1. Which pairs turn up if I take residues in the range 185-202 that are of a type in the set (A, V, I, L, M, F, W, C) and look for partners that are in a loop (DSSP other than H, G, I, E, B) and open to solvent by 30 Å² or more (accessible area, probe 1.4 Å) with beta carbon separation below 7 Å, at least 6 apart in sequence or on another chain?
2. Across the range 199-218, which residue is farthest from ALA31 (Cα to Cα) among those that are touching a helix residue (DSSP H, G or I) at 6+ places or on another chain (Cβ under 9 Å) and surrounded by 13 or more Cβ atoms within 10 Å (Cβ to Cβ)?
3. Just one of VAL259, VAL239 is surrounded by 19 or more Cβ atoms within 10 Å (Cβ to Cβ) and closer than 29 Å to LEU341 by Cβ; which is it?
4. Yes or no: the range 180-192 includes at least one residue that is open to solvent by 70 Å² or more (accessible area, probe 1.4 Å), within 30 Å of GLY51 (Cβ to Cβ) and either of a type in the set (Asp, Glu) or over 24 Å from the mean Cα position of the chain (by Cα) (or both).
5. Among GLY41, GLY127, GLY51, which is assigned to a loop (DSSP other than H, G, I, E, B), under 30 Å from the mean Cα position of the chain (by Cα) and not basic (Lys, Arg)?
6. Under 8 Å between Cβ atoms, which residue pairs at least 6 apart in sequence (or on different chains) link something in the range 34-55 that is open to solvent by 80 Å² or more (accessible area, probe 1.4 Å) with a partner that is outside any strand (DSSP E or B) and of a type outside the set (S, T, N, Q)?
7. Can you work out which of the residues in the range 85-135 that are closer than 15 Å to GLY148 by Cα and touching a Lys or Arg at 6+ places or on another chain (Cβ under 8 Å) is surrounded by the fewest Cβ atoms within 10 Å (Cβ to Cβ)?
8. Take the residues in the range 67-79 that are open to solvent by 50 Å² or more (accessible area, probe 1.4 Å) and either within 38 Å of the chain's Cα centre (by Cα) or charged (D, E, K, R) (or both); name whichever of them is nearest to GLN166 (Cα to Cα).
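The values are calculated or read from the model by the stated rules, or taken from the named source; none is laboratory data. This is a predicted model, so every value here is computed, not measured. Here Cβ is always computed from backbone atoms with ideal geometry, including for glycine, and neighbour counts include all displayed protein chains. Side chains included, ligands, DNA and RNA excluded: accessible areas come from the protein's heavy atoms. Shrake-Rupley method; radii C 1.70, N 1.55, O 1.52, S 1.80 Å.
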Amino acid sequence: MLNPIIYKAILKKSLILFFAGIVFASNAYCARIKDIAAIKGIRSNQLTGYGLVIGLNGTGDKDGVSFTKQALANMMEKMNIFVDKNGLKVKNIAAVMVTASIPPFARIGDKIDVVASSLGDAKSLKGGTLLITPLKGVDDQVYALAQGAVTLAMPSGAGDRDSHLQVARIVNGASVEREIPFKLDGKRNLILSLFRPDFTTAKRMTDTINASIGEGVAKTIDASALSLRVPDNMWKNNVAEFIADIETLSVIPDTIAKVVINEKTGTVVIGSDVTISSVAIAHGDLSITISKDPENEKKESVMNLFGTSTIGELVRGLNSLGVKPQDLISILQSIKAAGLLQAELVII
């Protein structure tokens, strides 16, 4: 039984260390299948296009950017206005590459966001307007048309100096003009892909699906995928409902024991299943008080942690030494180097 004075001191240090940046992560939670996996083939597709942003306040491309002049001349010729491209001034115009991501099952008329990035030497796209720009897929087919006033992405409360002036966004700036065909009805087999491959998680998903939908519906292929057989009953002609029913099922995802350290911020994220082997720790002049009598304290710079200690025991011991976040990082790295930390150590 710890002396109340010592207990309060340890508790105080624990709270300080917690708020200083230590985060404990536990994988003992349920997650919907839709949050950890997706049906193979149902994904977004990338679109790109070359366009012009006009109406800039002298912050556009310089005269030496020939492709901006050529693009402007070509556009004017389409409007039956013929000019010498060498005589054009483009300081109020910027050539940009427009990119977008078209989601699965997007329908004609749907709106999607686009990003315009400067191709030349424009200083800023602030206040500009993107002229109509066809957006193509890798098959060179036009899937959307983009146009509209651009907005610089800037942190809340920040000025232009804190933003990237050569990249701008147009929310709902493109209209879908061509649909990407993907037919679900009639499919008898599907592949469910895990975002984070793990054999245990895949097996749990298989067991959960078979218990809820029917035996033999799901089969584990490997750590990253399950095969799904669409039952010949209520879902035969409505595969979308079959997928929806599976997505709402919950499983407990499994992960390897891991400790993640951010050296810049001093943040340490530790999984609850991390364990350590028998170890003795000495760190500088830090000490731990071991005494039942506060009047007769004994200080030592070495603390024993017993084999297969849990992360809670580890942190309580380090807290009792008064360890700061940066000290904890050094200690964890040393324990890992000694082969005594039973977890993957990731430093970012």
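1. Final answer for the pair search is ILE191/LYS40; LEU194/SER224.
2. VAL217
3. On the way: VAL239 fails: closer than 29 Å to LEU341 by Cβ.
After applying the criteria, what remains is VAL259.
4. yes
5. Values: GLY127 fails: under 30 Å from the mean Cα position of the chain (by Cα); GLY51 fails: assigned to a loop (DSSP other than H, G, I, E, B).
Only one candidate passes the filter, namely GLY41.
6. LYS34/GLU247; ARG43/PRO104; GLN46/GLY137; GLN46/VAL138; TYR50/ALA71; TYR50/LEU119
7. For the range 85-135, the residue satisfying everything is ASP113.
8. Restricting to residues being open to solvent by 50 Å² or more (accessible area, probe 1.4 Å) and either within 38 Å of the chain's Cα centre (by Cα) or charged (D, E, K, R) (or both), the top hit is PHE67.
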